[in-house]
Amino acid sequence: MNTFERRTHDVIVRVESDYLDDQSSPSESRFIWAYTVEIENQTDKDLTVVERCWQIADSRGQVQNVRGAGVVGEQPVVRPGETFRYTSGAPLSAPSGMMLGNYAMQTPEGDRFNVDIPPFLLDSPHEGLVLN
C-alpha cells in the first residue's frame, strides 16, 4: 500500500488504497478498492467534517463526481491534535484509476473551508490485461 498525504490549513489528510482481489472480478470488469483516510487536525479549533467531494477517474476516461454530507454516514468532529480515521471503498469498471477531492470543514463559529484530499492511485495487478 502507498500512502498519499496533503496538508491544507493545518489539516493533514492521508490516504492509503488497497486493491481487493477477493471482491473483484476482472472477467466482469469489476475492480474493487478499499481506501483508508486519516484527517489530522493540527489547528487549535474543533473541526467538523460537513461535506465530502470526490472525483473518481478510471483508466478508460470515465469520471464520477461524488458529493455528500460528512463521511461514512456521519459528520465527525475532529478535536485539536486528534485524528479521525475511516475506511471506505470504490468500485471501478476499469483495472486502474485515481481519486482526489476535498472535505468541507466547519469551525464552532460556523466558518467553513475546504481541505484537499491528495490524489491517490487505484492500481490493480490487472492493468494491461485484455479480455476478449
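The values are calculated or read from the model by the stated rules, or taken from the named source; none is laboratory data. Small disclaimer: the values here were computed from a predicted structure and weren't measured. Note that we place each Cβ from the backbone using ideal geometry, even for glycine, and neighbour counts take in every protein chain shown.
Scan the range 120-130 and give yes if some residue there is modelled with pLDDT under 90, part of a loop (DSSP other than H, G, I, E, B) and more than 20 Å from residue 18 (Cα to Cα), otherwise no.
yes
I'm checking my understanding of the structure. Among residues of the range 86-106 that are polar (S, T, N, Q) and not in a loop (DSSP other than H, G, I, E, B), which one is farthest from residue 46 (Cα to Cα)?
96
Where in the range 1-85 are the strands (runs of 3 or more DSSP E), entirely inside, with at least 2 residues that are touching a residue at least 40 places away in the same chain (Cβ under 8 Å) and surrounded by fewer than 16 Cβ atoms within 10 Å (Cβ to Cβ)?
Strands (runs of 3 or more DSSP E) meeting the threshold: 31-41, 47-58.
So, residue 14, is that one more than 12 Å from the chain's Cα centre (by Cα) and basic (Lys, Arg) or not?
no
Here is a list of conditions, (1) out of contact with any His (no Cβ under 8 Å at 6 or more places or on another chain); (2) closer than 21 Å to residue 5 by Cβ, and residue 43 meets all of them except one; can you say which number that is?
Evaluating residue 43 over (1) out of contact with any His (no Cβ under 8 Å at 6 or more places or on another chain); (2) closer than 21 Å to residue 5 by Cβ leaves (1) as the failure.
If I filter the range 25-38 down to residues being in contact with a Leu (Cβ under 9 Å, 6 or more places away or on another chain) and not aromatic (Phe, Trp, Tyr), which single residue comes out as farthest from residue 93 (Cα to Cα)?
Result: 34.
Within the range 8-47, which residues are among the charged types (D, E, K, R) and either closer than 19 Å to residue 98 by Cα or in contact with a helix residue (DSSP H, G or I) (Cβ under 6 Å, 6 or more places away or on another chain) (or both)?
Correct list: 14, 16, 18, 21, 30, 38.
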